[in-house]
Amino acid sequence: MQIDNNQLLRFTTAGSVDDGKSTLIGRLLYDSKSIFEDQLASITATSAKKGHDGVDMALFTDGLRDEREQGITIDVAYRYFTTPKRKFIIADTPGHIQYTRNMVTGASTANAAIILIDARHGVIEQTKRHSFIASLLNIPHLIVCVNKMDLVDFSEDRFNEIVTQFEEFSSKLIVKDVRFIPISALLGDNVVNSSENMKWYQGGTLLNTLETLHISSDINKIDSRFAVQTVLRPQREGFIDYRGYAGRVASGIYRVGDEVAVLPSGFTSKIKSINAGEQELEEAYAPMSISITLEDDIDISRGDMIVKKNNQPEPSQEFDVMLCWLANESAKPRAKYIVRHTSNEEQAMIKEVVYKMDINSFERNTEDKDLNMNDISRVKIRSTRPLMIDSYRDNRNTGSIILIDQATNETVAAGMIV
Amino acid sequence: MNKYYLNYLDELESEAIYILREVWAQFENPVILFSGGKDSILVTHLAKKAFYPAKIPFALMHVDTGHNFPETIQFRDDLIKELGVKLIVGSVQDSIDQGRVAEEKGKNATRNALQITTLLDAIDNNKVDCAIGGGRRDEEKARAKERFFSHRNDFGEWDPKNQRPELWNHLNGKHFEGEHFRAFPISNWTEMDVWNYIKRENISIPSLYYAHERDVVFRSNSWIPMSEFLKLEENEQVVKKKIRFRTLGDITITGGIESDADTLEKIALEVSAMRKTERGDRSDDKRSETAMEDRKKQGYF
């Protein structure tokens with residue numbers, strides 16, 4: 001068992017209780033033996049108290065008291081499990097339209113998204129909404145689970161019908177890799193163990209799919225981007241003149257000797273050394289946290305970006321973003337916000353709302369230009385100084401922003417640069 | 001085969017270092033909450049890496065219940081000396097003496113809940129604007145929704161319904177005077193990840209985590225170490241057992257498990273075969289279904 005080279009895969013599950021989402025997660029955790037005895041004992045007791053037959057898998061993902069009292073999930077909850085092949089982080093988010101912002105949050109770091117479809121109902125509005133968000137957030141892999149196959153007699157025809165339905169509307173979306181799996185979360189078919197009831201299905205189980213998705217090529221390795229978080233100046237013996245630029249590689253590869261440019265100043269130099277803690281490295285790549293020293297003494301501070309000399313981002317003061325409004329309070333027209341882009345911060349304003357997206361029908365609304373909680377809109381943003389941006393499609397790290405309200409310090413919006 | 005990817009431990013390490021550097025960049029006076037347990041030792045180790053060759057730029061803050069394992073205090077003092085960082089101690093005994101809190105009564109009395117006041121006082125008195133903790137989301141359900149940067153109001157309270165969304169790697173630590181943040185760089189680690197990493201990096205941890213002979217009392221399904229603070233019930237007996245601890249808290253509430261695991265390899269192997277959560281031996285979490293959630297709201301770790 002080569003645990004040491006195992007990768008981490010983050011995936012998001014969006015859906016409501018009715019889809020069997022909680023049951024599915026419970027099943028994944030239970031069948032992969034990630035549930036502990038005391039958790040099982042507590043849930044078995046609760047199941048009995050509620051009058052359920054057997055163990056209610058959905059209780060494994062039970063949240064805070066407020067949520068339990070209301071019987072819903074409000075926030076993003078993170079769950080963990082490990083198999084001999086990979087470590088997994090599940091960002092479990094509620095699926096109702098009023099929780100769009102939570103779905104967006106959960107999707108922002110995901111390598112893969114699980115879309116749940118009830119086999120009896122087929123593709124519904126919620127399916128389209130989840131798929132749209134997965135596509136908008138540029139999640140590379142989409143796994144469509146057609147659940148509750150036990151309630152449609154494990155019918156291959158029904159499954160194929162739903163696949164066709166899905167493909168019809170998803171042609172409008174940009175997703176690299178879509179897979180379909182017929183499952184029964186309740187009975188466990190094709191979740192961890194292969195289904196005895198659906199011999200006609202030749203593909204892998206859900207867990208097998210999660211374990212084998214090829215994710216290492218999803219990171220942008222072409223455009224090298226490194227935002228400086230902080231400058232290390234040890235001022236102790238042996239390191240008197242040391243200036244290390246600490247940060248996390250957003251994309252691309254950096255090697256000792258590389259010719260680099262520091263933005264926004266534009267000064268150029270060469271990489272003298274790369275460190276990860278005490279360890280000296282010859283090269284570094286995303287998402288490594290490192291510190292870099294340069295051959296030349298250049299004034300560099302937090303918010304600056306070190307890039308390859310021959311591959312630089314576009315400095316822009318005005319740019320279009322797809323913006324998801326997160327705050328209770330709606331956007332004020334032409335109000336000023338702080339825009340956070342990588343480790344950089346500038347004042348900014350929303351200059352114009354181009355259109356609002358109807359995330360159920362994929363239609364653009366150019367009439368209604370209010371930005372209310374959970375709205376996804378295309379807007380024009382203007383910042384006081386240029387930002388070193390990439391498009392979100394090319395780079396999730398340097399193509400994303402958040403807006404912060406100066407009056408409340410709250411994070412009010414998240415944006416993907418078009 | 002493409003070699004340009006990280007394994008899961010490297011990715012978790014990189015994420016934690018990123019968070020620690022963000023804390024340093026966004027706050028004036030951050031501290032590491034140091035209990036002497038493996039999670040806070042891990043956070044300290046990661047901070048060492050994050051800022052090398054500079055020293056760790058944070059003080060270590062210890063909330064001292066007075067009910068300590070002597071081994072923990074020794075370990076703490078040695079580590080402080082090695083790293084050359086400042087130690088801030090908030091003393092629960094002082095809080096009691098000053099009448100800020102009252103000691104619990106009865107057989108299961110602990111100083112666990114009293115720590116909240118001491119912690120918040122220490123944060124206030126030292127003008128700390130960010131306290132870095134070793135909390136992990138897999139520990140307890142109230143922690144599953146915790147943010148990397150967790151906002152506390154000016155009473156130090158956690159409002160789970162009013163936390164800032166965290167998207168991509170954008171962490172927003174902006175705050176007003178009097179408010180503070182808790183930062184959790186190892187949120188995404190599980191107990192197993194922690195042990196695998198400690199083993200890989202060969203991080204030194206208190207001897208209490210290794211199997212050793214100890215005088216213990218069987219109570220609430222685990223072996224509670226005998227100490228001057230423990231009041232024995234009539235039917236309880238002190239016995240000698242070979243045990244080790246999975247978590248370290250107050251000596252009065254931390255239950256040990258019978259074990260022969262006396263090396264990091266054996267501990268990691270044992271943990272991977274465990275069928276009970278690590279906090280299952282902590283009597284502070286057994287008090288009610290929402291014990292952790294309630295303490296967190298008041299300002300607990």
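The values are calculated or read from the model by the stated rules, or taken from the named source; none is laboratory data. Computed from a predicted structure; not experimentally measured. Counting neighbours? That spans all protein chains shown, and the Cβs are built from the backbone with ideal geometry, glycine included. Ligands, DNA and RNA are excluded from the accessible area calculation, which covers all protein heavy atoms including side chains. Shrake-Rupley method; radii C 1.70, N 1.55, O 1.52, S 1.80 Å.
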### Message
So if I check each of A:THR342, A:THR293, which one is surrounded by 14 or more Cβ atoms within 10 Å (Cβ to Cβ), touching a Gly at 6+ places or on another chain (Cβ under 9 Å) and within 26 Å of A:ASP405 (Cα to Cα)?
### Response
A:THR342
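Go through A:VAL262, A:VAL249 for me and flag whichever is over 28 Å from the mean Cα position of the chain (by Cα) and at pLDDT 95 or above.
Working: A:VAL249 fails: over 28 Å from the mean Cα position of the chain (by Cα).
Going through A:VAL262, A:VAL249 in turn, the sole match is A:VAL262.
Which one of B:ALA50, B:ALA25, B:ALA54 is open to solvent by 10 Å² or more (accessible area, probe 1.4 Å), within 8 Å of chain A (Cβ to nearest Cβ) and part of a helix (DSSP H, G or I)? Let's see the steps before the verdict.
Numbers: B:ALA50 fails: open to solvent by 10 Å² or more (accessible area, probe 1.4 Å); B:ALA54 fails: part of a helix (DSSP H, G or I).
When all the criteria are applied, what remains is B:ALA25.
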#### Entry: Of all residues making up region A:131-148, the number that are more than 22 Å from A:ASN190 (Cα to Cα) and more than 13 Å from the chain's Cα centre (by Cα)
1
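Could you please let me know if A:ARG364 is at positive phi and more than 14 Å from chain B (Cβ to nearest Cβ)?
On the way: at positive phi: no; more than 14 Å from chain B (Cβ to nearest Cβ): yes.
It is false that A:ARG364 is at positive phi and more than 14 Å from chain B (Cβ to nearest Cβ).
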### Query
Say we look at region B:164-216 and pick out the residues that are surrounded by fewer than 16 Cβ atoms within 10 Å (Cβ to Cβ) and closer than 20 Å to B:VAL23 by Cβ; which of these is nearest to the other protein chains (Cβ to nearest Cβ)?
B:PHE176
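What is the residue count in region A:409-418 for residues that are facing chain B (nearest Cβ under 9 Å) and open to solvent by 20 Å² or more (accessible area, probe 1.4 Å)? Please lay out each step first, then the result.
Taking region A:409-418 first, the residues facing chain B (nearest Cβ under 9 Å) are A:409-411, A:414.
Within this subset, residues satisfying the condition of being open to solvent by 20 Å² or more (accessible area, probe 1.4 Å) are A:410.
Within region A:409-418, residues that are facing chain B (nearest Cβ under 9 Å) and open to solvent by 20 Å² or more (accessible area, probe 1.4 Å) number 1.
Does A:ALA327 fit the bill of being assigned to a strand (DSSP E or B) and either open to solvent by 10 Å² or more (accessible area, probe 1.4 Å) or at pLDDT 95 or above (or both)? I'd like the intermediate steps shown before the answer.
Working: assigned to a strand (DSSP E or B): no; either open to solvent by 10 Å² or more (accessible area, probe 1.4 Å) or at pLDDT 95 or above (or both): yes.
So A:ALA327 does not fit the description; no.
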### Where B:PHE75 falls short, out of the listed (1) modelled with pLDDT of 95 or more; (2) under 26 Å from B:ASP129 (Cβ atoms)
(2)
## Note on the structure
Checked B:ILE243, B:ILE257, B:ILE251, B:ILE224 against criteria (of a type in the set (A, V, I, L, M, F, W, C), under 20 Å from B:GLY134 (Cα atoms) and not in a helix (DSSP H, G or I)); the one match is B:ILE251
### Query
From the set of residues in region A:377-403 that are out of contact with any Gly (no Cβ under 8 Å at 6 or more places or on another chain) and crowded, with 22+ Cβ neighbours inside 10 Å, which is nearest to A:ILE139 (Cα to Cα)?
A:ARG396
### Query
Of the numbered conditions (1) of a type outside the set (A, V, I, L, M, F, W, C); (2) farther than 30 Å from B:LYS48 by Cα; (3) touching a residue at least 40 places away in the same chain (Cβ under 8 Å); (4) open to solvent by 10 Å² or more (accessible area, probe 1.4 Å), A:GLU259 satisfies every one except a single condition; which is it?
(2)
### Residue check, B:LYS141 at negative phi, surrounded by fewer than 20 Cβ atoms within 10 Å (Cβ to Cβ), at pLDDT below 90 and among the basic types (Lys, Arg)
no
### Message
Six or more apart or on different chains, Cβ atoms under 7 Å: show the pairs whose first residue is in region A:152-181 and assigned by TED's automatic domain parsing to the domain that holds A:GLY203 and closer than 23 Å to A:SER195 by Cα and whose second is open to solvent by 50 Å² or more (accessible area, probe 1.4 Å) and not in a strand (DSSP E or B).
### Response
A:VAL152/A:ARG120; A:PHE154/A:ASN197; A:GLU156/A:TRP200
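Within the bounds of region A:365-375, is there any residue that is in contact (Cβ under 8 Å) with a residue 12 or more places away in the chain and crowded, with 20+ Cβ neighbours inside 10 Å?
At the first step, the residues of region A:365-375 found to be in contact (Cβ under 8 Å) with a residue 12 or more places away in the chain are A:366, A:368-375.
Restricting the remaining residues to those that are crowded, with 20+ Cβ neighbours inside 10 Å gives A:371, A:375.
For region A:365-375, residues in contact (Cβ under 8 Å) with a residue 12 or more places away in the chain and crowded, with 20+ Cβ neighbours inside 10 Å: present.
Residue by residue through region B:82-102, note down the ones that are of a type outside the set (Gly, Ala, Ser) and surrounded by 14 or more Cβ atoms within 10 Å (Cβ to Cβ). Even if it seems obvious, please write down each step before you answer.
Pass one, region B:82-102, residues of a type outside the set (Gly, Ala, Ser): B:82-83, B:85-89, B:92-94, B:96-98, B:100-101.
If the condition is that a residue be of a type outside the set (Gly, Ala, Ser) and surrounded by 14 or more Cβ atoms within 10 Å (Cβ to Cβ), then B:LEU83, B:VAL85, B:LEU87, B:ILE88, B:VAL89, B:VAL92, B:GLN93, B:ASP94, B:ILE96, B:ARG100, B:VAL101 are the ones that fit.
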### Message
As an exercise: evaluate B:PHE34 against (1) touching a Phe, Trp or Tyr at 6+ places or on another chain (Cβ under 8 Å); (2) touching a residue at least 40 places away in the same chain (Cβ under 8 Å) and give the number of the one condition it does not meet.
### Response
(1)
### Task
Give region A:244-294 a look and list any residue that's closer than 13 Å to A:VAL228 by Cβ and of a type in the set (D, E, K, R), or say none.
A:ARG248
### Pair list, Cβ < 8 Å and 6+ apart or interchain, from region A:31-53 residues that are away from every other protein chain (no Cβ under 14 Å) to residues that are open to solvent by 60 Å² or more (accessible area, probe 1.4 Å) and not hydrophobic (A, V, I, L, M, F, W, C)
A:ASP31/A:ASN193
### Message
Any residue at all in region A:149-166 that's on the phi < 0 side of the Ramachandran plot and under 24 Å from the mean Cα position of the chain (by Cα)?
### Response
yes
